[in-house]
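I have placed the structure first, in the form of structure tokens, so that the comments after it can refer back to it.
The values are calculated or read from the model by the stated rules, or taken from the named source; none is laboratory data. If you're wondering where the values come from, they're calculated on a predicted model, not measured in any experiment. Here the Cβ positions follow ideal geometry from the backbone for every residue, glycine too, while neighbour counts run over all protein chains shown. Just the protein is used for accessible areas: all its heavy atoms, side chains included, with ligands, DNA and RNA removed. Shrake-Rupley method; radii C 1.70, N 1.55, O 1.52, S 1.80 Å.
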Amino acid sequence: MSIDSLNAQYGLGDQLVFCEHPSGLVFAKVKTDHCTGEFFLQGAHVTEYQDLLFMSSQAVFAQGKALRGGIPICFPWFNSHPLDANLPAHGWARTSPWQVLSTRFQDSAIITELGLIKDQFRLVYRIEMGGVLKVFFEATSQSDISCDYEVALHTYFRIGDIERVSISGDLKEYGYYDQLTKLDHAASQEPIHFDQETDRIYYGTASSIAIQDPALERSIEIQSTGSQSTVVWNPWIEKSKRMSDFGDLEYRQMCCIETANVRRRSVRIEPGQTHRTSLQIASRPL
Ligand code: BG6
């Protein structure tokens, strides 16, 4: 659909405007009395909400390429494919073109529903941008047998100084699997701090997590539903250098806390069944 047709059918005055990026990708700008935000149709990828999300200055905007930052949707597998290493990491949802299903202004929020049908799944992603950001990921099986999938709302948060942030909340109740050492660790009551490359999968329902960020004098509050695992990731120094779409020092200004259902906590759905995973993000001064 052309930009003009998108705006004619789904634009909401000055509050929701569809635009063409120099790369040719289509994105939408949201601007209301309550927030500013942005999302791309490729990947149903939220790239901006207030100043809470991190986007790399080196992100590559191109058809079929995942964007480094914001909220990529990892689906239907997480990291490398369990059976076929040639398939792209984190699945196809983050690089597929999604369709606009509906837009509206309701309860002071711009609400957009995006959809994608592929490989026996019907996906709907609802983005609500108001005084808080809410996203709802919904997968319905169109298969005639049970199927399993993984999902991660791979959120890159913008922070002031990685060595000063701490992650508190429900994660202290759960043990984690360290993806770097391949070892399991028991739960610890201590808040999480970063002082090296970190790549962990916490197993358990974390419905409330906070990022305490003294450098930016704020706390980012994360609430999730329908999520049985949480990924905590920071690439630190050497991995940052290896990633071509990420600045060498940008690891200092971001951390990923991913509302997920991955590995031991993948989702099994029966024919016709739907599963939902949601995420809400807000901030308050420290
Ligand atoms: C995280 C994984 O979710 O994503 C890491 O836990 C991975 O292992 C990271 O390195 C980035 O993945 P990608 O495919 O976006 O480079």
(request) With a Förster radius of 51 Å, plug the Cβ-Cβ distance of GLU20 and THR181 into 1/(1 + (r/R0)^6) and report the FRET value to the nearest 0.05. (result) 0.70
(request) Give the Cα extents of the chain along the principal axes, in whole Å, largest first. (result) 53, 48, 37
(request) With a 1.4 Å probe and every protein chain kept in, tell me what percent of the accessible surface of the chain is carbon plus sulfur. (result) 46
(request) Report relative contact order for the chain in percent, whole number only (criteria: Cα-Cα under 8 Å, sequence separation at least 6). (result) 17
(request) Let me have the relative contact order for the range 192-234, percent, based on Cα pairs under 8 Å that are six or more residues apart. (result) 52
(message) So if I place +1 on the C-beta of Lys and Arg and -1 on the C-beta of Asp and Glu, and nothing else carries charge, what would the dipole magnitude of the chain be about its Cα centre? I want it in debye, nearest 20.
(response) 280
(request) At a 1.4 Å probe radius, which order do LYS241, LYS172 fall into by accessible area, largest first? (result) LYS241, LYS172
(message) Projecting each Cα onto the charge dipole of the chain (Lys/Arg +1, Asp/Glu -1 at the beta carbon, about the Cα centre), which of PHE27, ILE281, CYS74 comes out farthest on the positive side?
(response) CYS74
(request) Filter the cross-link list LYS31/LYS65; LYS31/LYS182; LYS65/LYS182; LYS29/LYS118 down to pairs whose alpha-carbon distance in this structure exceeds 32 Å. (result) LYS31/LYS182
(request) State the Kirkwood hydrodynamic radius of the range 9-116 in Å, one decimal place, computed from all pairs of distinct Cα atoms. (result) 14.7
(request) Could you do me a favour and compute the accessible area per residue for the chain, 1.4 Å probe, result in Å²? (result) 44
(message) For a quick check, take a GNM of the chain with Cα springs below 10 Å and name the residue from LEU114, LEU180, LEU216 with the largest mean-square fluctuation.
(response) LEU180
(request) Report the Stokes-Einstein translational diffusion coefficient (µm² s⁻¹, integer) for the range 18-76, Rh taken as the Kirkwood radius over Cα pairs, at 20 °C with viscosity 1.002 mPa s. (result) 180
(request) Add +1 for every Lys or Arg and -1 for every Asp or Glu among the other residues with Cβ under 12 Å from the Cβ of ARG158, and state the total. (result) -3
(request) Return the sequence-ordered ³J(HN,Hα) values of the range 180-195 in whole Hz as given by the Karplus equation 6.51 cos²θ - 1.76 cosθ + 1.60 applied to θ = phi - 60°, using x for Gly and Pro. (result) 7, 9, 6, 10, 8, 10, 6, 5, 9, 6, 6, x, 7, 10, 10, 9
(request) Return the calculated 222 nm mean residue ellipticity for the chain, to the nearest 500 deg cm²/dmol, obtained by summing -39500 (n - 2.57) across DSSP H runs with n ≥ 4 and dividing by the residue count. (result) -1500 deg cm²/dmol
(request) State, as an integer percentage, the relative contact order of the range 1-137 based on alpha-carbon contacts under 8 Å between residues 6 or more apart. (result) 17
(request) Hey, can you grab everything whose amide H is under 5 Å from the amide H of GLY169? Only 5+ residues off in sequence or another chain; H modelled, so Pro and N-termini drop out. (result) ALA210
(request) With the convex hull built on the Cα atoms of the range 226-286, state its orientation-averaged projected area in nm². (result) 6.8
(request) Summarise the long-distance tail of P(r) for the range 106-177 by giving the % of C-alpha pairs beyond 16 Å. (result) 70
(message) Roughly how far apart, in whole Å, are the Cα centres of the range 249-272 and the range 21-77?
(response) 17
(message) How big is the dipole moment of the range 192-272 about its Cα centre under a simple scheme where the beta carbon of each Lys and Arg is +1, that of each Asp and Glu is -1, and everything else is neutral? Debye, nearest 20, please.
(response) 380
